[in-house]
Amino acid sequence: MTVENRELADELFEPAQEQQSAKSISRPAMTYWQDAWKRFLKNKAAFAGLMLIALIILLAVFGPYANNHGYDEQNLARANLPPKVPILEQVGWLGFDGVDNRGIDRYEASGVTDYYWFGTDNLGRDLWTRVWHGTRISLYIAFLAAAIDLLIGVAYGGISAYYGGRVDNVMQRLIEILVGIPNLIVVILLILVLKPGIMSITLAMVITGWVGMARIVRGQILKLKEQEFILASKTLGAKDKRMIWKHLIPNALGPIIITTMFTIPTAIFTEAFLSFIGLGLQPPVSSLGTLINEGYKLLGIYPHMLAFSSIVISVIMISFNLLGDGLQDALDPKMRK
Amino acid sequence: MERVLEVKDLHVSFNTYAGEVKAVRGVSFHLNKGETLAIVGESGSGKSVTSKSLLRLIPHPPGKITKGEILFEGKDLAALSEKQMQSIRGADISMIFQDPMTSLNPTMTIGKQIMESVIKHQKGTKQEAKERTLELLELVGIHHPEKRFDQYPHQFSGGMRQRVVIAMAISCNPKVLIADEPTTALDVTIQAQILELLKSLQKQLGMAIIFITHDLGVVANIADRVAVMYAGKIIEVGKAHEVFYEPQHPYTWGLLGAMPDIHRQEEELVTIPGAPPHLAAPPAGDAFAARNPNAMEIDFLLEPPMFKVSDTHYAATWLLHEKARKMRGAQQRKQTAANSRKAKENETVIKKSGKGQKLLEVKGLKQYFKSDKHHVIKAIDGLSFDIYKGETFGLVGESGCGKSTTGRTLIGLYEGTAGEVLYKNESVFKKKSGAETQQLNRSIQMIFQDPYSSLNPRLTVADIIAEGMDIHGLAGSRQQRMNRVYELLETVGLHRDHANRYPHEFSGGQRQRIGIARALAVDPEFIIADEPISALDVSIQAQVINLLKKLQREKGLTYLFIAHDLAMVKYISDRIGVMYKGKIVELAESNELYCRPLHPYTQSLLSAIPMPDPRLEQSHQRMKFDEQKLLSERKQEEVRLREVKDGHWVECTEREFREYQSKLSGAV
Amino acid sequence: MKQYILSRLGYTLVTFFVIATFTFFLMQTLPGSPFNDERLSDVQKERMMERYGLDKPVPLQYVTYIGNIFKGDFGVSFQYDGRAVVDIIGERIGASVVLGLQSLVVGSIVGILLGIIAAYKHNTPIDYGAMILSVIGLSVPSFVFAGLLQYWIGVRLQWLPVAFWEGFEFSILPTISLSVFVVATLARFMRSEMLDVLGQDYIVTAKAKGLTNFNVIFKHSIRNAAIPIMTILGPMTVSLLTGTLVIEKIFSIPGLGEQFVKSIITNDFPMIMGVTLFYSILFIGVVLLIDIMYGIVDPRIRVAGGNRS
C-alpha cells in the first residue's frame, strides 16, 4: 500500500491543466440505414444470398437470349437430349457431356451438333431457355404477389392499429376469421374458379397472403404508439400526416422489409406447388413449377429434366431465406425469432 | 473478526463486438461473518458483474473471470469445477436479484421452485422439503403458505414475489447472501418492508449479506460497511459512517452531494459533470479524473493505490498521498463550503402558493380505462388541484397511483372521463379551433420518462428538437431553424456539433437534455415533467434537476413535476400533492408536507424514504399504512379534501379533520 | 378458463360457416361442368343435374348443403359415379393419416432435439451446422427433396421402393420428404425460443439455486420454450396437408391428397368441395385444440383466465 515517494515528482500533484472535457463524438454521424447496411455486410451468408439473387435475376432477364432457341420451339428430332456444355464436356463426371445415364451419347445418336446447355425436354425444347424463362415468370409472380401483399397489409394493419378502438376491433375480428381458414384451400378453390394464369395465381395468393403482413404492421404500429416519442410528437400538435411519414413508417420499415423478404420465397413455393397439382400455368408458358412437374414424368430415365429447375428453385428459396435472416439481424436484432 | 469471503484482485471481461470490455478491473474486498457489506455504484460501475462473478453466474461466453481469487472457506471459487460450484450455489452462498417480476419461472408453482433448492441441497424426502418450504414462506411473511404453495408467480405482487425469491435464497441457511439491487424495482414502502425483512432474517440466521445498490439511502439503512465502485474498481471502502461522514474520494463526495437531503432546503445540488468512461478502453490513471474538476496531473497518469485512512477505511485517490496535502486542503475547503451552503436548514421558504394567478385548474378529474368488457380501471378517480404561475407543483405517489396518467390527461393525450381541466380558464377537453389547439400545444409541453423511447431513433437531433418549430411554422429559413437548434442545444448544456447526430449516440442524461430542448423549442409556459429523472443515475439526475431549475429561473416556467422519489420532488417543488389510488390524499407546501404530514399514507411514504445518513436511518422508525383499518374506522362518513390549515389540504372525514386541526395547533 | 374456451369455440364456429359458405358460392360460379362431355345428350345432362340437385334454386341448395354437412353428408362424387364423398374420404384417409402422423412425430422429435442442442451449444460449430441444415430444410421444396430421394435412393441405389404403398418400407422415403420441413421449422423455432428463455432472469435464479445444467434445461427451460411452439402448430398442419398432396402424388400413395389432386384434374366438384371442407374442419379443429392446450399448459391463462395477447 505504500508508494515510493521519490518516484513521484511534486509537479504531478499540481492541479491538472484544462482537460478535453467536452469530448465531442469523433465518429461520423451514421443514419440507421447506414448502420444496418454495415451490420448486413458482416453477415457473409446473407450477402451471398443477395449476390445469388442478383445473379438469378440477371439470368432470368437475359438468360433466354443467350442462345437462339425459343422457349416454345419444339423439334422432336432433338428430344430428350441430356445437357452438353463446351469445355465442361471434357470432364465426364460432371454430366455435361451429352451422355445419358445408360451411357449413350444422345447427341451423336440423334446427329445434333448444337450444344444444349441444360439439355432438351421430351418435345425437343431447349431447357436452358425454358428454365430461365420459367424463372422469370416465377419471380414475376412472386414479386407481384409480395408487392400487393405489402400494399394491402400495410394499409390494413396500419389503419387498424393507428385508429385503434372500434375500428381496430372490427378489423381484427375479420383477421381472426381469415387466419382460421387454411390458405391452401382458398388458393385452390379460387384458381378452380378463375382458371390458371399469371394474374389469377397472383390474386389467389394475395387473397390470404396479406394477412401476415397486416398483423406484423399492426403489431409494430401498436408498439410504436406506446413509445414516448410518438406521445411527444402528439403533445407538440403533430398531424396524422407527419405522424405517419416521419415517425411510424420509418420505424416500422425494418419489419416490413423483412416480412416481404420472407413472402417472396413463400410465393415462389406456392406457385410451384399449384403447378404441381395441376393448377399451374398452362403450356406452352413455363414456370419453375410447371418445369418441375414435367420433369417428374421422366425422372427415372432423364433426370436432367428435373435437375435444373429444382436446383434453380432451391437456390432462389435458400437465397431469399438467407437474405431475410440477414436483414432481420441487421434491421431489427431484437425481433429475431 | 472472522472472514467468510475474501475476493482478491478480481478481473472480469466481456468479449463484445466492440472489443474486450473490462467490466471489473482488480476488485479486492472481504466479507466478515454476519455483517452487511454494501457495494454501491452507478450503472456500468461493475457492481452487478462483481456480485454475479462470486457465484460464477456471469454468462460465459462472452463473460470470463480473467484473473483473481474468490476465497470461501479456504476454497478458491474461481478455480472450482462447475459441479463443485453447483453444490455451493444456493447452499453456502445464495443470491437474490433485482426484478422480482422476471426472476421466477412463470410456469412453475412457487412451492415447487422453493422446494427445488431444498431437495437439491438437503437431500430429504419430498414431504420434508414441503414442510420446510411452508416454514420458509411463513418466515418471509407470506400468509396462508399452504394456499400460496400451489400458486404461480403471476398471482403474487412484486413485493410478495421478492419475498418468495428471498425464501428460496435462505432455504439452506446460507453463510453468504448476495442481494443484487433487490429493492430497486419496488416502491419505497415495499422497499422498506423488504429491507426490514432482510435485516430480521440476518439476525435470525446469522448470515453475511453483500448488498448491491445504487441508492445511498438504502446503503445507509442496511450496511455495516460500504464499498464504492467506479469504472470497475473499488475506489473507497470503509465502515458506513466513515464513508458517509468522512468520504475521501472525490467521487464519493460527488455522489453524496448529488442526493438531495430531505431535511434541508438546498439551493443547488452538487453535480458530477460528464458520464462514466466506457470500459472497452478504460482511461489510464484515476478513472474518475476526467469528471473531477480539481484533478491533479498525476490522476491522469498513474492509477492510485489504496491509501489507508483508518484500520477499516481505505480510498484509492492520490489526494491521500502526502504530497497532495496542499490540494487536499483546497478541495476540502470547497467541500465544506458546499456543506455550509447546504446547511441552511429549512429556514426561508418562499411562499408562492396563492400569490400568482391560477395557470391550471383541475376539477374532479376522472380518467377510466376499459381493460376488457367487464372491467374498468379507474386510473384517476376524482382529482382536484390548482397550479399557479411560476411554481413547481410536485405530484408524488407509488406505481399505479395514476400520477403519470394525470400528466397525460392534462396535456390532452387522453380525453378525460369526467371532470374538467382549465388552462388559463379555457377547457383543455372542449372542442377548439385549429388556432386554439395550436396555441395550447405550444403552451403546454411535456418531458418524458424514458430517455430511450422518447426520441425517434430515425431522426437527427436537429430534426427532433425542431419538430415543434416545424409543426407550428416557427422555424423561418433553414438557417434560422439551425441557429435556433444550436441555441437550444447550448441552453440545455449540449454542443452544437451534436445537431446532426442520431439519438443512439448519446447517453441517458444527454438524451434527456435533448428531450428538454425539444419541449423548449416552442416556448412553452407550462411543462409537465413525467418522471424525468427516474431512469438516470444519481449523478446524472442532479445535472438534469439543476438544468430544470435553471430554466425555470431564466424563463419563468411553471412545472408539474411527477415522480416517485419524494426526496427529489421535495427538493424541486414548491407544493406537493400526494396521490394514492387515483386521488390526491394530501396537498401542501413542500416543507409543510414534509414537516407535518397528516394523512397516514403520506406519513408512511415519508417514513419509507431511505436517507443517505446512517445514524438517522438506523434509528428511524417506519410507519405502515393500513388502508383496511383506515376504511373501517371511517365507516360511511363522507371523505373529501379539506383545508386543515392555510394551503394544507388532507383527504379526510369531518372527525379526522378536527383531529388534524387540533394536532396542528398543538404542534405550533 | 371456461370463458376462454367458449370464446375460442365461438370463433371456430364462425370460421367454419365462413368456409362452408365460401366453398359453396365458389362452386356456384365455377365455369366448368362435368357434363360438358360431348357424348351426353341434353336430356341426359338434365337428368344428371336433377340427380345431383343442381337444378334447384341456389338458396335452397345452400340450405340443403349446410344441413347435409351437419349430417356428415358431403354429397356424391361425379367421378366415381355416385359414390358418397364421405365414403371415398374414409377409404383414402388411412394412408394419409399414417404418412402425416409418421412425419409429424419423426419431424417433431428430431426438430425439437436439434433446436435444443443448437441453443445449448450456441455459437459453436454444432449450432451453425444445425442452422445451415434448417435453412436448407426450410427452403428446398418438399417435391424437390422427394425427387432427389426417389432418384438416388429409389432409382439409382435401389435401397427402397420408388413408389406405391404396400408396407412400412414404402413409407420411409415419403415420410422423410414430408418431415424435412417440420424438422427445419421446429429446430429453428425451438432454438430461438430456448435462447430467449436461457437469457431470462429466472434461469439465472435457477442456476443460483445450485441446480445442475440438466435440471435447468429440462425443468425450467424446455417447458417455457415449448409453449410458444404451439403457435406454429397451426401453420405446420397446413404445410403437412399441402405436403401430403404433393408427396402422395409423387410416390403414388393412395391417400386423400392424391385423390384430391385427381379430383381437381377431373373437375369432380362435390369431391373437391367435400375434401376442402374436410381439410378445413381438420384445420380449425387443430387450431381449437391448440388454443385449448395453450390454456392448459400456460398457467398464466389457465389460472387467471386472462387473455393471451
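The values are calculated or read from the model by the stated rules, or taken from the named source; none is laboratory data. Keep in mind it's a predicted model, so treat the numbers as computed, not measured. FYI the Cβ positions are ideal-geometry reconstructions off the backbone, even for glycines, and counts take in every protein chain you see. These area figures cover heavy atoms from the full protein model, side chains too; ligands, DNA and RNA do not enter into them. Shrake-Rupley method; radii C 1.70, N 1.55, O 1.52, S 1.80 Å.
General remarks:
- Magnitude of the charge dipole, chain B, Cβ model with Lys/Arg +1 and Asp/Glu -1, debye to 20: 400 debye
- In units of the compact-protein estimate 2.2 N^0.38 Å, the protein assembly as shown shows a Cα radius of gyration of 1.09.
- For B:G34, distant residues with modelled amide H under 5 Å away: B:A208
- 3J(HN,Hα) couplings calculated from phi for segment B:34-50 with the Karplus curve 6.51 cos²θ - 1.76 cosθ + 1.60 (θ = phi - 60°) are, in sequence order, x, 9, 10, 9, 9, 10, 10, x, 8, 5, x, 7, x, 5, 6, 4, 4 Hz; Gly and Pro show x.
- Scaling against 2.2 N^0.38 Å puts the C-alpha radius of gyration of chain A at 1.43.
- If you run the Gaussian network model on chain A, springs between alpha carbon atoms under 10 Å, then out of A:E271, A:E11, A:E89 the most flexible one is A:E11.
- Gyration tensor verdict on segment B:198-240 (Cα atoms; rounded if a/c is under 1.5, prolate if a/b is larger than b/c, oblate otherwise): prolate
- Take every pair of alpha-carbon atoms less than 8 Å apart whose residues are at least six positions apart; their mean separation over the length of chain B yields a relative contact order of 13 percent.
- Within a Gaussian network of chain A (alpha carbon springs, distance under 10 Å), most fluctuating of A:G63, A:G289, A:G164: A:G164
- The spread of Cα positions in segment B:362-581, taken along each principal axis and listed from longest to shortest, comes to 51, 43, 36 Å.
- Of the residues C:I5, C:Q158, C:T205, the one whose Cα sits farthest toward the positive end of the charge dipole of chain C, with +1 on the Cβ of Lys and Arg and -1 on the Cβ of Asp and Glu, is C:T205.
- Shielded residues, segment A:269-292 - accessible-area loss of 40 Å² or more between chain alone and all protein chains, probe 1.4 Å: A:F269, A:F273, A:F276, A:I277
- Table column - 3J(HN,Hα) (Hz), segment A:280-294, Karplus curve with 6.51, -1.76, 1.60, x for Gly and Pro: x, 5, 8, x, x, 4, 10, 10, 4, x, 5, 4, 5, 4, 5
- Positive-end ranking of A:T235, A:I185, A:I264 along the dipole of segment A:170-327, with charges on Cβ about the Cα centre, is headed by A:T235.
- Top of C:A130, C:A225, C:A206 by mean-square fluctuation, Gaussian network on chain C, Cα under 10 Å: C:A206
- Computed P(r) (all Cα pairs; chain C; 20 Å bins; percent): 26, 49, 22, 3, 0
- Shape category assigned to segment B:373-446 from the gyration tensor of Cα positions, a/c cut at 1.5: oblate
- Overall dimensions of segment B:178-272 as given by Cα atoms, namely Rg and Dmax in Å: 14.3, 45
- Placed amide H near B:L359: partners under 5 Å, 5+ positions off or other chain: B:I387, B:Y388, B:K389
- Think of segment C:90-256 as having a plus end and a minus end, set by charges on the Cβ of Lys, Arg, Asp and Glu; of C:S221, C:L186, C:I109, C:S221 sits farthest toward the positive end of this dipole.
- The largest-to-smallest principal axis extents of the Cα set in segment C:90-256 are 56, 36, 24 Å.
- Taking 18 Å as the cut-off, the amide N atoms of segment B:553-567 that come nearer than this to a point 7 Å along the Cα-to-beta-carbon line of B:E490 belong to B:554-555.
- Put a plus charge on the Cβ of each Lys and Arg, a minus charge on the Cβ of each Asp and Glu, and nothing anywhere else: the dipole of segment B:65-191 about its Cα centre is then about 320 debye.
- Karplus-based coupling profile of segment A:146-153, in residue order and whole Hz: 4, 5, 5, 3, 4, 4, 5, x, with θ = phi - 60° in 6.51 cos²θ - 1.76 cosθ + 1.60 and x standing for Gly or Pro.
- Against the empirical 2.2 N^0.38 Å (N residues), segment B:97-176 has a Cα radius of gyration ratio of 0.99.
- Descending semi-axes in whole angstrom, ellipsoid equivalent of chain B, from the Cα gyration tensor: 42, 34, 25
- Once the gyration tensor of the Cα atoms in segment A:213-337 is diagonalised, the equivalent ellipsoid follows with semi-axes of 44, 15, 9 Å, ordered largest first.
- Spread of Cα-to-Cα distances over 10 Å intervals beginning at zero, given as percent, for segment B:588-668: 17, 44, 31, 9, 0
- Spacing of the modelled spin labels on A:Y140 and B:K363, each 7 Å from Cα toward Cβ, amounts to 7.0 nm.
- A simple spin-label model places pseudo-atoms 7 Å from Cα toward Cβ; at A:W37 and C:I296 they are separated by 5.3 nm.
- Near B:F429, the amide H atoms lying under 5 Å from its own belong to B:V421; only residues 5 or more places off or on other chains count, and H is placed 1.01 Å from N.
- Cross-link table B:K366/B:K424; B:K363/B:K430; B:K33/B:K624; B:K33/B:K239; B:K83/C:K219, entries beyond 25 Å C-alpha to C-alpha: B:K33/B:K624
- Each Lys and Arg contributes +1 and each Asp and Glu -1, all at the Cβ; summed about the Cα centre of segment C:90-256, the dipole is approximately 380 debye.
- Chain lengthening between B:K635 and B:T312 when straightened (0.36 nm per residue, less Cα-Cα): 110.7 nm
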